[in-house]
Structure formats: C-alpha cells, structure tokens
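What follows is a set of notes on a single structure, which appears directly below.
The values are calculated or read from the model by the stated rules, or taken from the named source; none is laboratory data. Everything numeric here is computed off the predicted structure, so don't read it as measured data. Using ideal geometry, Cβ is built from the backbone for each residue, glycine included, and neighbour counts are taken over all protein chains shown.
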C-alpha cells in the first residue's frame with residue numbers, strides 16, 4: 001500500500017546536459033537518486049560491479065550509495081537528468097551532488113547517503129514506464145521549469161515518482177515488504193554501504209531505535225557473527241582499500257579511530273602487518 005504522505009520530494013538538480021564522446025565519469029556514489037533519460041547517444045554504465053549498455057530512449061535510475069561509473073561511447077551523450085530526495089530532509093539544501101568514490105568519503109559524508117526505499121528490489125539501473133509519452137512530458141516539464149517555480153516543479157516530480165513506483169516498484173511502500181526487509185538486513189546494508197564505521201554497538205542500536213542486546217542477538221542468529229565483529233571486518237577491508245591512495249593518518253581519521261596508534265594496532269592485529277607496510 002502506497003503511503004502518499006511519505007512522498008515529499010526535494011529536487012537537487014534538474015537539467016539538460018551533454019557529455020562528449022569518450023567522457024569518463026570515474027567510480028563514485030551519490031547521496032540521492034538520479035533519474036536520467038538517454039535522449040541521444042549511448043554509454044556504458046558500470047553499476048554495482050556490472051556493465052550495462054545504455055542506449056537512446058532508455059530511463060536509468062541510480063540509487064543512493066551504489067558504486068557506478070560512466071563511459072560515453074560512439075557519439076556525444078545527451079542526458080537530461082534529475083537528482084532528488086524522495087523525502088525532503090532537514091539537510092537536503094546543504095547536501096551536494098557527490099562525485100567521490102565511497103572509499104574517499106568522510107564519516108560525515110557517509111551519513112548523507114539517503115535510505116534506498118527500493119532496497120527490496122533487484123539492483124538494476126533500468127526503469128520503464130507504461131505510458132512513455134506522459135512520462136517524457138512530465139520529465140521535460142520538470143527539467144524546463146523556470147526559476148521561481150519550485151512548487152510546480154515539486155508537484156510534477158511527485159507525479160513522476162508515483163509513476164516510477166507504480167510501474168517499477170509496486171510494493172515499495174507495502175507493509176508486508178517492510179517486514180521482509182528485516183532489521184538485521186537493514187543494519188548489514190548500513191554497514192556494507194560504509195556507514196557506522198565509527199559507531200559503537202550502542203550508537204548503531206540508537207540509530208535503528210532498538211535495544212543493543214536485541215539487535216546483537218538478531219544479527220548473530222542471522223549471520224553467525226557478532227555485529228561489531230562484522231563491522232570491524234568491513235572497517236579493516238575498507239581501510240586496506242583506502243590505504244592505496246591515502247595516508248595512514250587520514251584513513252585513521254576518516255574511519256573514526258581515536259588515534260593513529262589505535263588504528264595501526266587494530267590493522268596489524270587483523271592483517272598481520274602494519275598499515276605503513278600496506279602503503280608501501
């Protein structure tokens with residue numbers, strides 16, 4: 001059942017843009033949703049580790065926190081696009097478009113990644129609409145709204161989101177779907193997205209509004225590992241990747257360690273060698 005009251009979009013960017021043949025957008029994540037239309041040309045989208053050929057006439061939806069990159073092929077790419085939050089948040093106006101790989105995001109930046117309300121659905125970038133003509137009319141109306149017409153633009157995007165959900169994610173706001181997406185899965189996905197790296201068990205429990213004892217029990221029953229042990233493993237793997245291009249002190253700070261010495265000891269205990277050796 002669609003909860004209409006939860007749809008209150010904030011438009012970050014709505015614009016027409018052209019990318020030249022051969023243009024590369026390096027690996028990154030975005031904090032929000034991006035809906036783009038391939039008006040002309042084509043490109044290869046690496047999305048969540050898989051390559052997709054995106055061609056003229058297709059709609060592509062990039063979700064929050066998903067690693068992706070572009071390579072424009074053959075001809076220039078015309079791609080009007082909209083960046084938006086499905087629900088406006090207190091910080092929506094301050095959150096920029098992100099062009100960073102997730103490994104380079106600070107703890108503060110990681111917290112800006114919006115919740116993906118379509119998480120229960122497969123991670124494919126393509127979306128389709130039953131009435132393409134009406135969809136394009138709405139899409140271009142949003143793109144072409146003059147300044148000062150934010151309320152009109154917001155109303156149009158609300159209609160477009162309604163069509164997006166109806167045609168692609170019909171149970172996204174169904175109460176039964178929320179039950180399927182268990183609390184332990186939510187916490188795991190939260191950590192997998194690089195968030196909560198500096199949080200204690202109590203912090204994570206508070207983030208999800210559960211008792212830390214209940215959360216720990218559910219997580220361990222599901223994944224056969226304690227929540228903090230899982231977080232620590234992910235934290236170390238992320239540190240190992242970040243050390244390829246960043247200093248030991250910067251990585252320690254970004255991952256929320258109290259000092260470089262605490263980080264170095266934890267890293268060495270986990271991998272058997274120091275972060276300095278990893279850097280070399």
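Scanning the stretch 238-256 for residues that are modelled with pLDDT of 85 or more and under 13 Å from residue 198 (Cβ atoms) yields 238, 239, 251, 252, 253. Residue count for the stretch 187-207 satisfying the condition of being surrounded by fewer than 15 Cβ atoms within 10 Å (Cβ to Cβ) and more than 20 Å from residue 239 (Cβ to Cβ): 2. Report yes if some residue within the stretch 145-154 is farther than 26 Å from residue 229 by Cβ, surrounded by 13 or more Cβ atoms within 10 Å (Cβ to Cβ), touching a helix residue (DSSP H, G or I) at 6+ places or on another chain (Cβ under 7 Å) and touching a residue at least 12 places away in the same chain (Cβ under 8 Å); otherwise report no. Looking for residues that are farther than 26 Å from residue 229 by Cβ, surrounded by 13 or more Cβ atoms within 10 Å (Cβ to Cβ), touching a helix residue (DSSP H, G or I) at 6+ places or on another chain (Cβ under 7 Å) and touching a residue at least 12 places away in the same chain (Cβ under 8 Å), one finds at least one in the stretch 145-154, hence yes.
Considering only residues that are within 21 Å of the chain's Cα centre (by Cα), within 22 Å of residue 201 (Cβ to Cβ) and surrounded by 14 or more Cβ atoms within 10 Å (Cβ to Cβ), which ones fall in the stretch 237-255? Listed by number, the residues that qualify are 238, 239, 254, 255. For the stretch 219-235, the tally of residues that are surrounded by fewer than 18 Cβ atoms within 10 Å (Cβ to Cβ) and assigned to a helix (DSSP H, G or I) stands at 9.
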